[in-house]
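The values are calculated or read from the model by the stated rules, or taken from the named source; none is laboratory data. Everything quoted here is computed from the prediction, not taken from an experiment. Here the Cβ positions follow ideal geometry from the backbone for every residue, glycine too, while neighbour counts run over all protein chains shown.
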Amino acid sequence: MHKNYKVIGITGGIGSGKSYVCERLKHLGYSVYEADKAAKEVMLKPEVITQIQKNFGKESYIHGQLNRSYLSKVFQNRKELQKLNAIVHPAVAKHFENYLALLDSSKPYVFKEAAILFETGTWKSCHRIVNIFAPFGIRIHRILKRDPHLSIQQIYHRISQQWNDEWKVKNSHFTIFNDGFLNVDIQIQKMLSFLNVS
């Protein structure tokens, strides 16, 4: 880990609204590393493509692009998902180290977004953790709007693979409630003040 930076982890269940919080933080001038987006990038690296095709078949990619509909079957099988994560997560960790090494910022804090920050143990390398919470029904609506190719059953299964909201709220330093009623921007300012991030 780059000694000059303190990492603030941002996590939350699928559909909780992490992307919006990340965009607002970027707008405020903070460095934000989005692990979920980085994972999509590293999955296009030749060495990662080779490993994924070796473990899940040549059909995992079409014309050099990830075959998401084919690979989505992995999310239905815990062992297969763990196998995929064992390939992707180390590549993302290396990507993050490179990101820190190239970062040119006067701010001593870096925000790192990851949907499964707790599940992968990545939280242990974070200075503080911010959780984004949204009610179950709102999350389902957002996911369906964002990923219309997913069925309700697939969404439920993906949610079931993540740790529950109550545990995340209890084990985070600050929780932003993205329920459509409370002002998220005001909560972001409160979070920055609470964590003394400047």
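In segment 168-185, the residues that are closer than 12 Å to F133 by Cα reach residues that are of a type in the set (S, T, Y) and assigned to a helix (DSSP H, G or I) with C-beta atoms within less than 9 angstrom, at least six apart or across chains, in these pairs: N178/Y20; V184/Y20. Scoring R158 on the criteria (1) surrounded by fewer than 17 Cβ atoms within 10 Å (Cβ to Cβ); (2) of a type in the set (K, R); (3) modelled with pLDDT under 90 leaves a single failure, condition (1). For segment 28-48, a residue qualifies if it is buried (at least 17 other Cβ atoms within 10 Å of the Cβ) and either assigned to a helix (DSSP H, G or I) or of a type outside the set (G, A, S) (or both), and the qualifying residues are Y30, V32, Y33, E34, A35, A38, A39, V42, M43, V48.
One residue is enough: does segment 57-71 have a residue meeting the conditions assigned to a loop (DSSP other than H, G, I, E, B) and within 21 Å of A114 (Cβ to Cβ)? There is no residue in segment 57-71 that is assigned to a loop (DSSP other than H, G, I, E, B) and within 21 Å of A114 (Cβ to Cβ).
In segment 49-60 there is no residue that is on the phi < 0 side of the Ramachandran plot and in contact (Cβ under 8 Å) with a residue 40 or more places away in the chain. Whether any residue in segment 131-146 is modelled with pLDDT under 90, among the β-branched types (V, I, T), surrounded by 16 or more Cβ atoms within 10 Å (Cβ to Cβ) and under 18 Å from the mean Cα position of the chain (by Cα) is what I want to check. No, there is no match, as no residue in segment 131-146 is modelled with pLDDT under 90, among the β-branched types (V, I, T), surrounded by 16 or more Cβ atoms within 10 Å (Cβ to Cβ) and under 18 Å from the mean Cα position of the chain (by Cα). Under the condition of being of a type in the set (S, T, N, Q), assigned to a helix (DSSP H, G or I) and in contact (Cβ under 8 Å) with a residue 24 or more places away in the chain, the residues counted in segment 138-167 number 1. For S16, the stated conditions hold: it is among the polar types (S, T, N, Q), closer than 30 Å to H173 by Cα and either surrounded by 18 or more Cβ atoms within 10 Å (Cβ to Cβ) or in contact with a Leu (Cβ under 7 Å, 6 or more places away or on another chain) (or both).
So, of the residues in segment 1-13 that are in contact with an Asp or Glu (Cβ under 9 Å, 6 or more places away or on another chain) and surrounded by fewer than 20 Cβ atoms within 10 Å (Cβ to Cβ), which turns out to be modelled with the lowest pLDDT? Checked segment 1-13; the qualifying residue modelled with the lowest pLDDT is M1. Within the bounds of segment 14-26, is there any residue that is outside any helix (DSSP H, G or I), touching a residue at least 40 places away in the same chain (Cβ under 8 Å) and over 13 Å from the mean Cα position of the chain (by Cα)? No, because not a single residue in segment 14-26 is outside any helix (DSSP H, G or I), touching a residue at least 40 places away in the same chain (Cβ under 8 Å) and over 13 Å from the mean Cα position of the chain (by Cα).
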